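Peer 1: Starting off with a structure, shown below.
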Amino acid sequence: MTSATLLTPARTSSRPDGLASSRQSMRTDQRAYVRALIVLDTAVLAVAVLVGYAARFGESAPRETVPYVLVAPGLVLAWLVSLKVLRCYDDRVIGYGADEYRRVSMASLRLAGATAIAGYVADVGVSRGFLAISFAVGTIGLEAARFAARKRLHRARSRGAGWSRRVLVVGDTAHVLELVHTLRREPYAGYQVVGACIPDALLAPVAQRLGDVPVVGSFRGIPEAAASIGADTVAVTASGELTATRLRRLGWQLEGTGIDLVLAPALTDVAGPRIHTRPVAGLPLIHVEAPEFRGARKLVKGLVDRSVSLMALALLLPLLAFIALAVKLDSRGPVLFRQIRVGQGGQEFGVYKFRTMVVNADRLLAELATANETDGLMFKMRDDPRITRVGRLLRKWSLDELPQLVNVLLGQMSLVGPRPPLPSEVARYDGDVARRLLVKPGMTGLWQVSGRSDLSWEDGIRLDLYYVENWSLAADLTILWKTFGAVLNSRGAY
């Protein structure tokens, strides 16, 4: 099938009404979100300053002659200015990605450093304890407030509401479809595709659609096409006809229109820390670092895994004993279930879980094969009759996996990593999927915080491979944090 056959006639070629108002509505929502952030930040900083004052001086008035009634509002105002200067309210940053949190922390740290230097040089007697407590509480509060505001925005975007960018995708048909699929896979990122421009050779005299995306023009009239559908962002993906000269001219044409230009290279599923842009002879060459599968960071990861698992086992010992007793009293059979799984480098090991099924579950699997509710190589069934009463509760809250802390302590697993596969699954792996075995399997991972059993086999593999290629200690901490939310919400647990 050629790329041209992906095009279908549109039902209508008339220009939709209200596009200008749609774009204006998006901008209004965006400005409202920024204003809400400013108000939220101001409230957080005011509370932080009050906490700093109360913690330092209590109910007694400070002995210093410094007028804190002026210092406190001045500190809040300077903090807000610092956030503004470091572009913490930039619509390209807020709402998605780690850059927003990084800039908020940097603005707070820079202001703290500047305040300390200014106080030392000017010999101002402002209490260092007051400043230290205020900056600590304020920084943590700002990050927490941004996180809460972002989660609310993400929920609105997932419902089709909330502030999002209206995107015109430009490129070859195959790459346009791939980019559209990628953007729609994560609607909470805030990129709403409203149209596409394709090469002139594929443009027909009748209105067309690329999937369900209307084709609104060719490469000759990209700015006009963006304006006609109320787009505020032009996303350019790969195409042989979009030369460097044409892209440069497109950037000139979009100047002063309020429409942003973004480039989406064919390079996908590579995290930012591995990508470095290096200008060479006027060309922004993208250098992609190789994945890191050994070295100092791996040693640190292993040390953290074993230390945390040891402490967790010690703290959770009463809970583990209670669960073991409940499993024993609920149904006949052993408390623990040991199953052979495949780990790093293809090495097999026995993974431990609390038993959640009847003792003859493996023999009953053949009878339930036709009831499989997932694709790929895994078997998942929402109402699996093999699961015991206690087992259903344990699975709902992922408590059945707590014994895997022993596997982590033994170095067979990691706290974060791909799902440990069965030998029968590995036997059917192709070359790409086999890359999951380059790292240790994990108790949790991107698959778990992204939906677990609700994910398709293809999406689960994609997330596992993304982790393998782009793992980092910071990402591990983020996944562990998100795991608690996924467990509490019982997303995809059955």
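The values are calculated or read from the model by the stated rules, or taken from the named source; none is laboratory data. The model shown is predicted, which means the values in this text are computed figures rather than measured ones. Note: ideal-geometry Cβ built from the backbone for every residue, glycine included; neighbour counts use all protein chains shown. Keep in mind that these areas ignore ligands, DNA and RNA; they rest on the heavy atoms of the full protein, side chains included. Shrake-Rupley method; radii C 1.70, N 1.55, O 1.52, S 1.80 Å.
Peer 1: Along the charge dipole of the range 129-173, pointing to its positive end and built from +1/-1 on Cβ of Lys, Arg, Asp and Glu, which listed residue (168, 145, 130) has its Cα farthest out?
Peer 2: Positive-most Cα among the choices belongs to 168.
Peer 1: Pulled fully out, how much extra length does the chain show between residue 310 and residue 263, if you take 0.36 nm times their separation in residues and subtract their Cα-Cα distance?
Peer 2: The residue 310-residue 263 span can extend by a further 12.3 nm.
Peer 1: Residues with amide H under 5 Å of residue 336's amide H, sequence separation 5 or more or different chain, H placed in the peptide plane at 1.01 Å from N; which?
Peer 2: Amide H to amide H, under 5 Å and 5 or more residues apart or across chains, residue 336 pairs with 355.
Peer 1: In the range 156-274, if the dipole is taken from +1 on Lys/Arg beta carbons and -1 on Asp/Glu beta carbons about the Cα centre, which of 219, 206, 182 is farthest to the positive end?
Peer 2: Result: 182.
Peer 1: Same structure, new question: In debye, nearest 20: dipole of the range 70-207 around its Cα centre with unit charges on the Cβ of K, R (+) and D, E (-)?
Peer 2: I would put it at about 480 debye.
Peer 1: Of the heavy-atom accessible surface of the range 141-231 (probe 1.4 angstrom), what whole percent is carbon and sulfur?
Peer 2: 56 percent
Peer 1: Tell me, what is the per residue accessible area of the range 76-167 in Å², probe radius 1.4 Å? Write down the numbers at each step before the final one.
Peer 2: Working: 4780 Å² over 92 residues.
Per residue, the range 76-167 has an accessible area of 52 Å².
Peer 1: Magnitude of the Cβ-charge dipole of the range 415-473, K/R +1 and D/E -1, about the Cα centre, nearest 20 debye?
Peer 2: Charge dipole, the range 415-473, about its Cα centre: 220 debye, nearest 20.
Peer 1: In square angstrom, rounded to the nearest 10, how much accessible surface does residue 76 have for a 1.4 Å probe?
Peer 2: Surface accessible to solvent at residue 76 totals approximately 20 Å².
Peer 1: List the pairs from 396/440; 298/353; 84/482; 298/396; 151/353; 151/482 whose alpha-carbon separation is above 23 Å, in the order I gave them.
Peer 2: Violating the 23 Å limit, Cα to Cα: 396/440; 298/353; 84/482; 298/396; 151/353.
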